[in-house]
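Let me begin by presenting the structure, written as structure tokens, before commenting on it.
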Amino acid sequence: MTHLVTTPDVIAHAADTVQAALDGRNPTVAIVLGSGLGRLADRVTDAVRVSYADLPGFHVPTVEGHKGELVCGTLGGTTVLMQSGRFHMYEGHSASDAVLPIRVFATLGIKSLIVTNAAGGIRRTFQAGTLMVISDHLNLTGRNPLEGPSLPGETRFPDMTVAYDAELRQRAKDVAAAQGITLEEGVYAGLLGPTYETPAEVRMLERLGADAVGMSTVAEVIAARARGMRCLGISLVTNPAAGTFAGVLDHADVMAVAAEAGKKLAGVVEGVVVGRRS
Ligand code: HPA
């Protein structure tokens, strides 16, 4: 397969278009909203919305639960830029295309990235609705967004020892504790999808040390680290992973849980950004 690489021109053009649309707003934190978690975008005040259709290089999402717009405004006193709708690699996008928004955020000078996702719970104690702050990840997608020529401003060989920022993780834990919300911590395994896992794959992931599994996030965090951004990742466990419970998986159930438990996640994310400058 060909691995299309986003060119510096496309990134610059998209960043210029976003900058013009922001009308003087100066976001310091970017937030990627996972499946069904788009409602956090409704909590932003003084919002400006930019449709992906108006952004060079951006694709309109094809997956239910993913909107396709950037929303910039104020959340908890901080100017944030939210990505409502992802480009997943399973939709046919190259890893490089999938992380175009992250590269645009970095070009706009954003230093902190908060990534949310819906995930299957591998750790046996995780139930539908569990929140997990990501301590580390397994990139099992078979892709890497940095493949190809090194782009200006990106580290060729990014260190991934502390891909998920320790201070932001602690902040998320403190915020959750103050809100009376249980926040677990664990390793996220990113797979290509779009199939959910087989029970045998889930047993494999368990042995590899994964606590949750999903189809996003790892490429975004890799791209963010290549630009030196600080990353926080929070998974909303929408279901126990395949084979660990007596049932089958359905995207509609995943979305229903995400919509409900998404309120808790929204509260934690909002708490993390309150009063932040970067
Ligand atoms: N597996 C992968 N991705 C997911 C799952 C799952 O069980 N649930 C929500 N996203």
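The values are calculated or read from the model by the stated rules, or taken from the named source; none is laboratory data. What you see is a predicted model; the values in this text were computed from it and never measured. Cβ coordinates were reconstructed from backbone atoms using ideal geometry, including for glycine residues, and neighbour counts include every protein chain displayed. Only protein heavy atoms, including side chains, enter the accessible area calculation; ligands, DNA and RNA are left aside. Shrake-Rupley method; radii C 1.70, N 1.55, O 1.52, S 1.80 Å.
So the values come out like this:
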quantity	calculated
Hey, ALA246 out of contact with any Gly (no Cβ under 8 Å at 6 or more places or on another chain), over 30 Å from PRO149 (Cβ atoms) and open to solvent by 60 Å² or more (accessible area, probe 1.4 Å) or not	yes
The stretch 18-56, residues that are among the polar types (S, T, N, Q) and either closer than 14 Å to SER84 by Cβ or surrounded by fewer than 16 Cβ atoms within 10 Å (Cβ to Cβ) (or both)	ASN26, SER35, THR45, SER51
Residue, nearest to the ligand (Cβ to nearest atom), within the stretch 100-128, restricted to residues that are closer than 16 Å to ASN26 by Cα and assigned to a loop (DSSP other than H, G, I, E, B)	ILE110
The lone exception for HIS59 - which of (1) at pLDDT below 95; (2) surrounded by 21 or more Cβ atoms within 10 Å (Cβ to Cβ) it fails	(2)
The stretch 117-134 residues that are on the phi > 0 side of the Ramachandran plot, paired with ones that are near the ligand (Cβ under 9 Å from one of its atoms) (beta carbon under 9 Å, 6 or more apart)	GLY129/LEU236; GLY129/VAL237; GLY129/THR238; GLY129/VAL257
Residue match in the stretch 96-112 (condition: over 26 Å from ALA256 (Cα atoms), modelled with pLDDT under 95 and touching a Pro at 6+ places or on another chain (Cβ under 7 Å))	yes
Near pairs, Cβ below 9 angstrom, 6+ apart or cross-chain, from the stretch 145-161 (at pLDDT below 95 and small (Gly, Ala, Ser)) to any residue that is open to solvent by less than 90 Å² (accessible area, probe 1.4 Å) and not in a loop (DSSP other than H, G, I, E, B)	GLY148/SER96; SER150/ALA226; GLY153/PRO8; GLY153/ARG103; GLY153/ALA106; GLY153/THR107; GLY153/ALA226
Failed condition for ASP97, given (1) in a helix (DSSP H, G or I); (2) touching a helix residue (DSSP H, G or I) at 6+ places or on another chain (Cβ under 6 Å); (3) not hydroxyl-bearing (Ser, Thr, Tyr)	(2)
Selection from the stretch 184-197 of residues that are within 11 Å of the ligand (Cβ to nearest atom) and open to solvent by less than 60 Å² (accessible area, probe 1.4 Å)	TYR188, ALA189, GLY190, LEU191, LEU192, GLY193, GLU197
Pairs with Cβ under 9 Å, 6+ apart, first in the stretch 240-254 and within 19 Å of ASP211 (Cα to Cα) and more than 9 Å from the ligand (Cβ to nearest atom), second open to solvent by less than 40 Å² (accessible area, probe 1.4 Å) and of a type in the set (Asp, Glu)	GLY243/GLU197
The stretch 19-40 - residue that is part of a helix (DSSP H, G or I) and farther than 25 Å from ALA95 by Cα and, of those, modelled with the lowest pLDDT	ARG39
Checklist (1) away from the ligand (no atom under 16 Å from the Cβ); (2) in contact with a helix residue (DSSP H, G or I) (Cβ under 7 Å, 6 or more places away or on another chain); (3) open to solvent by less than 40 Å² (accessible area, probe 1.4 Å) applied to VAL213, failing item	(1)
Residue check, LEU265 within 11 Å of the ligand (Cβ to nearest atom), in contact (Cβ under 8 Å) with a residue 12 or more places away in the chain, open to solvent by less than 20 Å² (accessible area, probe 1.4 Å) and touching a strand residue (DSSP E or B) at 6+ places or on another chain (Cβ under 7 Å)	no
Given (1) modelled with pLDDT of 95 or more; (2) out of contact with any His (no Cβ under 9 Å at 6 or more places or on another chain), index of the condition GLN179 fails	(1)
